Structure formats: structure tokens, C-alpha cells
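*Asks:* My structure is below; once you've seen it, I'll send some questions.
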């Protein structure tokens, strides 16, 4: 049935009978509320043709969250282009290109991107840019296909880099790529920050999770067969390496499965950063030297392959000079290998995390959201809660396998949030909860000072003290209120998206 509606819409539009097409839409509610990807694409085409550009953008943005379709991305890009929003047009044309596997159509989309990106360059210079980039892509492809050979780029790139490209490298806004995985909502926030400043940025996530973090394009490559995955990643790597100036990689992964893309990136002089966040660099032998509480998570440490982790760090630091970390625990694992370590605070968009003062709840509400129960010390938190429930009315919930937005709602309704008892540093969960005015109980190792040398206003608990400290917090509404206010103030002084974004931009420009 839906297929026949789709075909009927196409026929009416091709015949220029937009009025009948609108009438057909009005008699089929699902075309508005729950269209197929093909129907959504046709709907955006119709809205553009009848001059409803704003409605096209509204409709397209609503449905693109739940579907991946070349034509829908393309139509949304075109709607942004004719409405004068060049940055969002470029984003959606890029999405269309990266999901298109048909070579002619992909090149046509690339042509649109180049025209929009270099809109202020005269025709002769644009021709040189296209020639240079085409030759550059030939080199990138050859190097990616032959990672064990030192491919001579001059055999493929035969013309000098055009002045317009040199000028963009030196004077204009850098083009920035975030890839290939979204962890702890970092990518999404950086994209928001730089787009507000009119930077051309793009985020691609090849490993989406149940947390449901948003970025520009999420493609679960594990669902592709081996041959399709290899082809898809190669085509995208060639285009992305050529398209961007700054490459912000996350969690010890890059654009290719064996990270062979680091070779052409380095040889082309791109600005490359590896952003490390946790278990991908946590070397058990070093972790055990930090404090005694790692002995309470030996099962977790035993699950980590220290030799492989160290091999990966050495391998990446051979080709990538710059590493970004968010705390001193992370720094301890990589500082002996990378040429430059950049300390960066955790970003919090305070406009999205609104402050809610503490109120009296009976029973008191306590939540804990472990991504890994062992490394978060969940058993010790829950033993303390079990004992305290014998004396006090406590509504306790463990939040697991829940998408990020829903989890945030539950944190926002809690009085106390339990983070972790083993690692000794704080992460995005703590910062998000402080921004919302929640009291956070977590273990902070005194030797791991914050990047800005200011004590974070949390209830500092250990495996040894967690029950007694939590009891104090349960009994004292004044203490909870004070920590609530101090937490929000701390975030506003140190971790707003504007503050961290400015730091990150300086980092990109520093190399």
C-alpha cells in the first residue's frame, strides 16, 4: 500500500500537479507522522516545490533522526541552502555523500559541497581547487590500499596547492571532523559549539550504543557484511581525509579498522588529535599504583589486556603527536608516549542542563548509573544503601541500559547521585548532575587535581567511608542544598561549553 502511495506522489509531482499531491497527503496521515524513508524524501521534495522551505526543514529534521536516506539528507541540505544557512547545508550534503554508494551520484553531491564551501572563489581558482583535490584523493586512496608502502604523494599530486586552499589553511576557519565514536556526549556538544561560531564541522559515529547520543551521522558498521564495510569505510575515509583540516579522533579509533588512515593524514600535514577517555588506555599496572581502591576491582583490571593497550598507545603515538585527556588519571597512561598532552575540561551545555534547587523528598531519592558495576564500585554503594535503608526511607534506583536523555530525566529528579568508588576521578555524569543541582557522591583521589586546580564540590567518599558519608548527606538538607548551589556555580566557572570550546579551539590552532 505504502509503495503505491509513494509512486502516486512521485507521478503527481512529476506532472506538476502539486495541488493533487497535497490532497493525497491530507488523506494519508502517516505521511506526516510516520513515513517510510522514501515517502519522507518525496514529502521534502514537495514542500520545496510549493515554496514551503521552513516546513521542509522542520519536517526533515524531525524524521531524519530516525532514518538514513540519501535523498532526504540531500533535500534537507538544499532547503538549508536556499534559506541561506550554508553551514547546515554543508552538514547535510556531507551526510548525503557519505551514505551514497553510487559513484556518479556521490560525485554530484561532492560537486555541490565544493561549490558551497568555496562560494567566494572565482571560477578559475575553483577549477584549480577541484583538480588539486581530485589528485589528492588519488594519492589518499593509493596510500590506504597500500599501507605498508611509502607512497610518494608527488606522483599523484602534480599541481601546486592553490592559493585559495593555502589561505584557508592559514587565515580562515578550520574544517573539523569528529570520529569515529561518540562517548559521553562530547562530540555532540563540540559540534554545537563550533556551528554556532560558523565553523564547518562534522561528526560521524560508526559505533552507536544504547545511550542514543546524537551526532551528524550514525552508521552501525557492525551490521554491514565484511565486503560492504570495507568498501564503505574506504570511500568515506578518502573523502573525509581530503575534506577536513582537523581530525579529532576518540577512544583510540580512527576512520579505518587498522587505523591505516593515520599515514596519509600525517603525510598531508593534517592536524590530528587522539582524545582518550577511559578503558582504552587504562593500563592495569599503572592503575594499581594510583591508590589502594583498585584492589576492589581486580576483576575489571583482569579483563583489560595491558600489553595490547600499551601496544595501541605506542602505535598511535608514532603517527599522532597530540593527545587530549580530561583528567590526570588519563594523563598518567599516555604522557610518556605522545609528544604533546592537552588537558581539556569536560564540556557542559548549561542551557540544556537547567538548574533545579534541592527540595525535600520523602523518601529521599538516590540513583546510581553504572556503565560497569565493577569499576564503579556498585556493590559497595549498594551495600551502604541496604544498611541505610534499615534506618531511613530511601527510594533507590540503579539506572542501566537506558538512553542518555531518559537517564538525564531520572538524574534530575534525584536528590543524590552515586557516581563511582574505584577510579578516583570524575566524568561527564558528575558534571551533568552538578549542572542540574544534584548532589554527587563519588571518590576523588586527592593526587588527581582538576585541570583548573579547584576542588570540585562533591561528597568525596571511598569504599571505607561511603556509608557514614552518605548518612550525613541524607540527614542534612542544608548540606545537600549547599552542595547543589556550589555544584552549579563550579560548572559555570569552569566547564561551560563556551569555556571548554574556546580552550579546544586554541588547542587546534596551537599546532
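*Asks:* What list do you get for 209, 218 if you sort them by fewest beta carbons within 10 Å? List each step's numbers first, then the result.
*Replies:* On the way: 209 16, 218 19.
Ordered from fewest to most neighbouring Cβ atoms within 10 Å, 209, 218 come out as 209, 218.
*Asks:* Provide Rg over Rh for the stretch 423-484; use the alpha carbon set for both Rg and the Kirkwood Rh (inverse mean inverse pair distance).
*Replies:* On the way: Rg = 11.6 Å, Rh = 12.2 Å.
Radius of gyration relative to Kirkwood radius: 0.95.
*Asks:* For the stretch 364-495, just run the numbers: alpha carbon Rg, then divide by 2.2 N^0.38 Å, N being how many residues it has.
*Replies:* Numbers: Rg = 13.6 Å, N = 132, 2.2 N^0.38 = 14.1 Å.
This ratio for the stretch 364-495 stands at 0.97.
*Asks:* Kirkwood hydrodynamic radius, computed over distinct alpha-carbon pairs, for the stretch 183-304: how many Å, to one decimal?
*Replies:* Values: mean 1/r = 0.0598 Å⁻¹.
Hydrodynamic radius (Kirkwood, Cα only) of the stretch 183-304 equals 16.7 Å.
*Asks:* Grab the beta carbon distance between residue 68 and residue 371, set R0 = 22 Å, and tell me the FRET efficiency rounded to 0.05. Show your work: numbers first, answer last.
*Replies:* Numbers: r = 26 Å, r/R0 = 1.20.
Efficiency at R0 = 22 Å is approximately 0.25.
*Asks:* Sticking with this one: Mind pulling the per residue volume of the convex hull built on the Cα atoms of the chain? Å³ is fine.
*Replies:* On the way: hull volume 88.8 nm³, N = 511.
Expressed per residue, the convex hull around the Cα atoms of the chain is 174 Å³.
*Asks:* Please determine, in degrees from 0 to 90 and to the nearest 10, the orientation of helix 477-494 with respect to the longest principal axis defined by the Cα atoms of the chain, where the helix direction is its Cα long axis.
*Replies:* Result, in degrees: 40.
*Asks:* Against the longest alpha carbon principal axis of the chain, how many degrees, from 0 to 90 and to the nearest 10, is the axis of helix 466-475 turned?
*Replies:* 90 degrees
*Asks:* Here's a follow-up. Please list the equivalent ellipsoid semi-axes of the stretch 288-383, computed as the square roots of five times the alpha-carbon gyration tensor eigenvalues, in descending order and whole angstrom.
*Replies:* Details: eigenvalues 221, 101, 21 Å².
Each semi-axis is √(5λ); the values are 33, 22, 10 Å.
*Asks:* Kindly list the residues of the stretch 347-390 that lie in the label zone of residue 192, defined by a backbone N under 15 Å from the point 7 Å along the Cα-to-C-beta vector.
*Replies:* Answer for the stretch 347-390: 347-355.
*Asks:* Among 165, 268, which comes first, then next, by fewest other beta-carbon atoms within 10 Å? Provide the component values of the computation, followed by the final result.
*Replies:* Values: 165 19, 268 15.
The most exposed by this proxy come first: 268, 165.
*Asks:* Here's another thing I want to ask about it. Rg (Å, one decimal) plus Dmax (Å, integer) for the alpha carbons of the stretch 1-52?
*Replies:* Computed over the Cα atoms of the stretch 1-52, radius of gyration and Dmax are 9.7, 28 Å.
*Asks:* With just the Cα atoms defining each centre, how far is the stretch 91-116 from the stretch 5-32? Give it in Å.
*Replies:* 27 Å
*Asks:* So what is the relative contact order of the stretch 364-495, in percent, for Cα pairs below 8 Å that sit 6 or more residues apart?
*Replies:* Values: 196 pairs, mean separation 34.6, N = 132.
Relative CO of the stretch 364-495 lands at 26 percent.
*Asks:* When the helices in the chain are scored as -39500 (n - 2.57) per DSSP H run of 4 or longer and the sum is shared across all residues, what 222 nm value do you end up with, to the nearest 500 deg cm²/dmol? Intermediate values should be presented prior to the final figure.
*Replies:* Details: 24 runs with 263 residues, N = 511.
After summing the helix terms and dividing by residue count, I get -15500 deg cm²/dmol.
*Asks:* Further, regarding this structure: Output the relative contact order of the chain, whole-number percent, from Cα pairs under 8 angstrom with separation of 6+ residues.
*Replies:* On the way: 760 pairs, mean separation 50.2, N = 511.
Over the chain, the number comes to 10 percent.
*Asks:* Angle between the Cα long axis of helix 53-64 and the longest principal axis of the chain, 0 to 90 degrees, nearest 10?
*Replies:* Taking Cα atoms only, the helix is inclined about 50 degrees.
*Asks:* Still on this model: Just need log10 I(q)/I(0) for the stretch 2-117 at q = 0.10, 0.16, 0.17, 0.18 Å⁻¹, Debye formula, equal scatterers on the alpha-carbon atoms, no solvent, rounded to two decimals.
*Replies:* Computed log10 I(q)/I(0) values: -0.28, -0.72, -0.81, -0.90.
*Asks:* Which three lengths, in whole Å and largest first, does the stretch 67-214 cover when its Cα atoms are put on their principal axes?
*Replies:* Answer, in whole Å and largest first: 45, 41, 32 Å.
*Asks:* Over the stretch 426-511, what is the relative contact order in whole percent, taking alpha-carbon pairs under 8 Å and six or more residues apart? Show your work: numbers first, answer last.
*Replies:* Numbers: 64 pairs, mean separation 29.2, N = 86.
Relative contact order comes out at 34 percent.
None of the figures in this text is laboratory data; all of them are computed from the coordinates on show. Here the structure is a predicted model, which means the values were calculated and not measured. When we count neighbours, we look across all protein chains shown, and the Cβ atoms used for this are built from the backbone with ideal geometry, even at glycine.
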